[in-house]
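Encoded as structure tokens, the structure appears first; notes follow it.
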Amino acid sequence: MFDFFKKKNNSKEHKLCYETDLHSHILPGIDDGSPNTEKSILLIREMQKWGIRKIITTPHIAEETFENTSETIKAAWDSLKTELDKNGITQEILYSAEYRIDDGFIWLLESNQLMSLPGNYLLVENSFIQAFWNLDELLFQIQLKGFKPILAHPERYAYYHNQKKIYTTMHDAGCEFQVNLLSFSGYYGKRVKETAFWLANQGYIDFLGTDLHNLHHAQAISNFLATKEYKKLAEKINIKNDLLK
Ligand SMILES: [Fe+2]
């Protein structure tokens with residue numbers, strides 16, 4: 001009966017249900033995420049508050065918008081590491097990339113220049129305007145090369161919202177799904193939220209991700225982690241983030 005007076009352990013309530021994050025844009029100055037090392041460190045501190053212990057960060061690689069290479073990504077990672085060391089901050093950070101499926105991606109695939117996540121996973125994203133014309137075949141080619149494709153935020157592609165069968169087809173074909181935390185909060189709109197919960201109910205969510213770009217995202221994630229909706233989700237969802245070794 002005195003529960004009301006018990007001090008709440010707020011820090012516990014705001015933890016994520018996983019410790020390895022596989023989708024973020026926290027490397028300085030190379031995509032639409034963190035612009036500099038100072039901001040990167042602020043973002044890392046937020047992630048640490050949520051209980052993240054291992055960050056596999058994934059800068060965009062996309063034709064005409066973010067033409068990153070393994071060299072530009074490594075250079076940004078080096079500068080962040082130097083700044084972290086200077087500030088005495090310990091944080092495990094690996095890097096891979098979020099590959100936009102386009103002709104440049106196909107060239108990297110064919111010339112064996114892709115940087116995978118641990119376990120030979122590969123984080124890929126569709127264009128937000130339309131799906132790649134031959135996506136099924138391409139997913140198959142990715143697997144033939146020995147990679148396991150993870151589609152980033154499948155819930156955010158509006159052109160799939162009215163044809164959810166496509167999710168089943170892709171998932172059955174071995175494409176795993178990484179859903180963004182903020183999709184469940186309504187941050188990207190009603191339809192995205194509804195689709196994220198639909199994917200959760202189908203058991204199609206293999207990974208969750210922050211897709212953290214900036215402090216605005218960080219604040220929205222912190223707010224979401226404090227909700228009952230998040231707690232309910234965390235209890236029922238069965239994800240593989242912490243199996244990425
Ligand atoms: Fe992303």
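Structure values in brief
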{"quantity": "Among (1) at pLDDT below 95; (2) surrounded by 20 or more Cβ atoms within 10 Å (Cβ to Cβ), the one test that residue 133 misses", "calculated": "(2)"}
{"quantity": "Number of the condition not met by residue 76 [criteria: (1) within 16 Å of the ligand (Cβ to nearest atom); (2) on the phi > 0 side of the Ramachandran plot]", "calculated": "(2)"}
{"quantity": "Test for residue 122: is it within 15 Å of residue 61 (Cβ to Cβ), surrounded by 12 or more Cβ atoms within 10 Å (Cβ to Cβ) and free of Cβ contacts under 8 Å to residues at least 40 places away in the same chain", "calculated": "yes"}
{"quantity": "Given (1) polar (S, T, N, Q); (2) modelled with pLDDT under 95; (3) in a loop (DSSP other than H, G, I, E, B), number of the condition residue 34 does not satisfy", "calculated": "(2)"}
{"quantity": "Subset of the stretch 188-225 (residues that are in a loop (DSSP other than H, G, I, E, B) and surrounded by fewer than 14 Cβ atoms within 10 Å (Cβ to Cβ))", "calculated": "189, 203"}
{"quantity": "Filter result for residue 127 (touching a residue at least 24 places away in the same chain (Cβ under 8 Å), among the hydroxyl-bearing types (Ser, Thr, Tyr) and within 16 Å of the ligand (Cβ to nearest atom))", "calculated": "yes"}
{"quantity": "Verdict on residue 117 being out of contact with any Pro (no Cβ under 7 Å at 6 or more places or on another chain), modelled with pLDDT of 95 or more and over 19 Å from residue 153 (Cα atoms)", "calculated": "no"}
{"quantity": "Enumeration of residues in the stretch 61-78 that are in a strand (DSSP E or B) and buried (at least 19 other Cβ atoms within 10 Å of the Cβ)", "calculated": "61, 62"}
{"quantity": "Residue check, residue 105 within 20 Å of residue 175 (Cα to Cα), in contact with a Leu (Cβ under 7 Å, 6 or more places away or on another chain) and either buried (at least 18 other Cβ atoms within 10 Å of the Cβ) or among the basic types (Lys, Arg) (or both)", "calculated": "no"}
{"quantity": "Residue count, the stretch 148-168 (criterion: away from the ligand (no atom under 16 Å from the Cβ) and touching a residue at least 60 places away in the same chain (Cβ under 8 Å))", "calculated": "0"}
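The values are calculated or read from the model by the stated rules, or taken from the named source; none is laboratory data. Fair warning: this is a prediction, and the values are worked out from it, not measured in the lab. In this analysis, Cβ positions are derived from the backbone assuming ideal geometry, glycine residues included, and neighbour counts consider all displayed protein chains.
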